[in-house]
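A.B. asks: Just passing along the structure, written as structure tokens.
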Amino acid sequence: MVERVIVNEVGPRDGLQSQGKTLSVAQRLEMIQVLLDTGIRSVEVGSFVSPKAVPQMAGTDELFAQLPMADQVAYSALIPNAKGYELAKAAGVKSVAVVLSATETMNQRNIRMSLDETTAVCTELMQRAREDGLEARAYVAVAFECPFEGVTPAERVISLTQRMFDAGADKVIIADTIGAANPLAVRKVLTPLQAFSEAGRLSCHFHDTRGMALANVLASLQAGVREFDSSIGGLGGCPFSPGATGNLATEDLVLMLNAMGFETGIDSLALVEAVKRIEALTETALGGHSFRWLQRQVAQGVKHA
Ligand code: COA
Ligand code: ZN
């Protein structure tokens, strides 16, 4: 039996939010179409945050009104607070993701609330999303290390995850915001949560800052996780988190998953064209570890990688 793994593309949100160049809504739409052309069917479109805090994400409501293939693609949006929830709901968003950072300082820096306040707000928003019939997702951010507080205790990540499930979250995304995780640390967090992974309710979000993102994906797969965030060409970072450089590149993730026999529905060779087009749109040099190799396969006329 072929096992499916969901690849959730976060380039349009996590990727673009930290870029020097702000894309227009039309360019963001073009980026999403380019991604869909590769077979990607799960996309984090943007966030409903203060345009003063993150100007790159202004106009996410307009973007949602124009999204193609809405019935075939799982589109989601990030929301930091109740105002973001209202705006997302009004824009017709069907899946919202709240962000709960596992440390006090990161919550303050990111969304100006304490960890307790954020937990309360996230709990309420998960419940509201459920009542309103939206998919409720929760990020547990800086789940391995915080740029301000150092190593994050695994027990805290596990208990925050449990609290989000108790609040009604459909899915929790364990996020290594600054790319500081390693496979053993991943196993420590994920093993106690294995029942949620096997129920398809846990996802992982890795950054490749220290080159360990794919190793961390393998550790997660072994703990039963079957959904991952990644960003085309490795585009990304968090503007409020010093040291948060590129995300795990979608082409690296897809190449490994396909090679391992998982079904992703994504053509790794088609990602080469996507990287090039999004590189032109963002005016940022892109490409994961496998990009040059993939590019050579395309140049040689190889049909499957
Ligand atoms: N969407 C749009 N605007 C929002 C908003 C939202 N979700 N939440 C608040 N605002 C607006 C308020 O209306 C207010 O606007 P005004 O200055 O025109 O009156 C302004 O933002 C400040 O509101 P306030 O409630 O005082 O928020 P704050 O200054 O404490 O900022 C956040 C908190 C969360 C709004 C802001 O820090 C933010 O959007 N951060 C983005 C975090 C992010 O994207 N991180 C990366 C992803 S994890
Ligand atoms: Zn991220």
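A.B. asks: Criterion first (more than 18 Å from the chain's Cα centre (by Cα) and closer than 24 Å to residue 289 by Cα) does residue 194 satisfy it? Write out each step before concluding.
C.D. replies: On the way: more than 18 Å from the chain's Cα centre (by Cα): yes; closer than 24 Å to residue 289 by Cα: no.
So residue 194 does not fit the description; no.
A.B. asks: Quick check on residue 233: is it touching a helix residue (DSSP H, G or I) at 6+ places or on another chain (Cβ under 6 Å) and within 13 Å of ligand 2 (Cβ to nearest atom)?
C.D. replies: It is false that residue 233 is touching a helix residue (DSSP H, G or I) at 6+ places or on another chain (Cβ under 6 Å) and within 13 Å of ligand 2 (Cβ to nearest atom).
A.B. asks: I would also like to ask the following. Say we look at segment 236-253 and pick out the residues that are at pLDDT 95 or above and more than 10 Å from ligand 2 (Cβ to nearest atom); which of these is surrounded by the fewest Cβ atoms within 10 Å (Cβ to Cβ)?
C.D. replies: 252
A.B. asks: To continue, here is another question. Do we find a residue being within 24 Å of residue 138 (Cα to Cα) and within 16 Å of ligand 1 (Cβ to nearest atom) anywhere in segment 30-39?
C.D. replies: no
A.B. asks: Of (1) charged (D, E, K, R); (2) within 16 Å of ligand 2 (Cβ to nearest atom); (3) surrounded by fewer than 18 Cβ atoms within 10 Å (Cβ to Cβ), residue 137 satisfies all except one. Which?
C.D. replies: For residue 137, the failing item is (3).
A.B. asks: Going by the structure shown, is residue 16 part of a helix (DSSP H, G or I), closer than 21 Å to residue 207 by Cβ and at pLDDT 95 or above? So that I can check it myself, show each step before the final result.
C.D. replies: Details: part of a helix (DSSP H, G or I): yes; closer than 21 Å to residue 207 by Cβ: yes; at pLDDT 95 or above: yes.
Yes: the conditions hold for residue 16.
A.B. asks: Given (1) within 16 Å of ligand 1 (Cβ to nearest atom); (2) closer than 22 Å to residue 55 by Cα, identify the lone condition not met by residue 234.
C.D. replies: (1)
A.B. asks: Among the residues of segment 75-87, are any under 14 Å from the mean Cα position of the chain (by Cα), away from ligand 2 (no atom under 16 Å from the Cβ), buried (at least 17 other Cβ atoms within 10 Å of the Cβ) and part of a strand (DSSP E or B)?
C.D. replies: Looking only at segment 75-87, we keep the residues that are under 14 Å from the mean Cα position of the chain (by Cα), and these are 75-79.
Still in the list and also away from ligand 2 (no atom under 16 Å from the Cβ): 75.
Retained after the next criterion (residues that are buried (at least 17 other Cβ atoms within 10 Å of the Cβ)): 75.
In the following step, the residues that additionally are part of a strand (DSSP E or B) were identified as 75.
Scanning segment 75-87, I find at least one residue that is under 14 Å from the mean Cα position of the chain (by Cα), away from ligand 2 (no atom under 16 Å from the Cβ), buried (at least 17 other Cβ atoms within 10 Å of the Cβ) and part of a strand (DSSP E or B), so the answer is yes.
A.B. asks: Turning to a different aspect of this structure: Quick one: how many residues across segment 55-67 are assigned to a loop (DSSP other than H, G, I, E, B) and in contact with a strand residue (DSSP E or B) (Cβ under 7 Å, 6 or more places away or on another chain)?
C.D. replies: Looking only at segment 55-67, we keep the residues that are assigned to a loop (DSSP other than H, G, I, E, B), and these are 58-59, 66-67.
Add one more test, that the residue is in contact with a strand residue (DSSP E or B) (Cβ under 7 Å, 6 or more places away or on another chain), and what stays is 67.
So the count comes out to 1.
A.B. asks: A further question follows. Do you know which residues across segment 56-71 are in contact with a Pro (Cβ under 8 Å, 6 or more places away or on another chain) and either of a type in the set (Ser, Thr, Tyr) or at positive phi (or both)?
C.D. replies: Across segment 56-71, there are no qualifying residues.
A.B. asks: Which of the following residues is away from ligand 2 (no atom under 16 Å from the Cβ) and farther than 22 Å from residue 40 by Cβ: 261, 224?
C.D. replies: Details: 261 fails: farther than 22 Å from residue 40 by Cβ.
Result of the check over 261, 224: 224.
A.B. asks: Further, regarding this structure: Would you tally the residues in segment 128-151 being more than 23 Å from residue 196 (Cα to Cα) and in a strand (DSSP E or B)?
C.D. replies: 3
A.B. asks: I'd like to know if segment 96-114 contains one or more residues that are under 22 Å from residue 229 (Cβ atoms) and away from ligand 2 (no atom under 16 Å from the Cβ).
C.D. replies: Checking segment 96-114: at least one residue is under 22 Å from residue 229 (Cβ atoms) and away from ligand 2 (no atom under 16 Å from the Cβ).
A.B. asks: Are there any pairs with C-beta distances below 8 angstrom linking a residue in segment 157-185 that is more than 23 Å from residue 132 (Cβ to Cβ) to a residue that is acidic (Asp, Glu), with the two at least 6 apart or on different chains, and if so which?
C.D. replies: From segment 157-185, the pairs are 175/229; 176/145; 178/145; 179/208; 180/145; 181/145.
A.B. asks: Right, another one. Determine, yes or no, whether residue 257 is away from ligand 1 (no atom under 16 Å from the Cβ) and in a helix (DSSP H, G or I). Can you show your working first?
C.D. replies: Working: away from ligand 1 (no atom under 16 Å from the Cβ): yes; in a helix (DSSP H, G or I): yes.
Against the criterion (away from ligand 1 (no atom under 16 Å from the Cβ) and in a helix (DSSP H, G or I)), residue 257 qualifies.
A.B. asks: Restricting the search to segment 96-126, which residues are more than 19 Å from residue 163 (Cα to Cα), touching a residue at least 24 places away in the same chain (Cβ under 8 Å) and polar (S, T, N, Q)?
C.D. replies: To start, the set of residues in segment 96-126 that are more than 19 Å from residue 163 (Cα to Cα) comprises 105, 108-112.
Filter once more, keeping what is touching a residue at least 24 places away in the same chain (Cβ under 8 Å): 105, 109-111.
105, 110 - these are the residues of segment 96-126 that are more than 19 Å from residue 163 (Cα to Cα), touching a residue at least 24 places away in the same chain (Cβ under 8 Å) and polar (S, T, N, Q).
A.B. asks: Within segment 183-204, is even one residue within 26 Å of residue 94 (Cβ to Cβ), within 16 Å of ligand 1 (Cβ to nearest atom) and out of contact with any helix residue (DSSP H, G or I) (no Cβ under 8 Å at 6 or more places or on another chain)?
C.D. replies: Scanning segment 183-204 turns up at least one residue that is within 26 Å of residue 94 (Cβ to Cβ), within 16 Å of ligand 1 (Cβ to nearest atom) and out of contact with any helix residue (DSSP H, G or I) (no Cβ under 8 Å at 6 or more places or on another chain).
A.B. asks: Sticking with this one: For segment 274-305, enumerate the residues that are under 27 Å from residue 226 (Cβ atoms) and either in contact with a Pro (Cβ under 8 Å, 6 or more places away or on another chain) or in contact (Cβ under 8 Å) with a residue 40 or more places away in the chain (or both).
C.D. replies: Those that are under 27 Å from residue 226 (Cβ atoms) and either in contact with a Pro (Cβ under 8 Å, 6 or more places away or on another chain) or in contact (Cβ under 8 Å) with a residue 40 or more places away in the chain (or both): 274, 275, 278, 286, 287, 288, 289, 290, 291, 294, 305.
Residue-wise test of (1) surrounded by 15 or more Cβ atoms within 10 Å (Cβ to Cβ); (2) modelled with pLDDT under 95; (3) under 24 Å from residue 42 (Cα atoms); (4) of a type in the set (A, V, I, L, M).
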| position | (1), (2), (3), (4) |
| --- | --- |
| 132 | no, no, yes, no |
| 146 | yes, no, no, no |
| 152 | yes, no, no, no |
| 155 | no, no, no, no |
| 164 | yes, no, yes, yes |
| 168 | yes, no, yes, no |
| 183 | yes, no, no, no |
| 196 | yes, no, yes, no |
| 201 | yes, no, yes, no |
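The values are calculated or read from the model by the stated rules, or taken from the named source; none is laboratory data. If you're wondering where the values come from, they're calculated on a predicted model, not measured in any experiment. Glycine also receives a Cβ, built like all others from the backbone with ideal geometry; neighbour counts cover every protein chain displayed.
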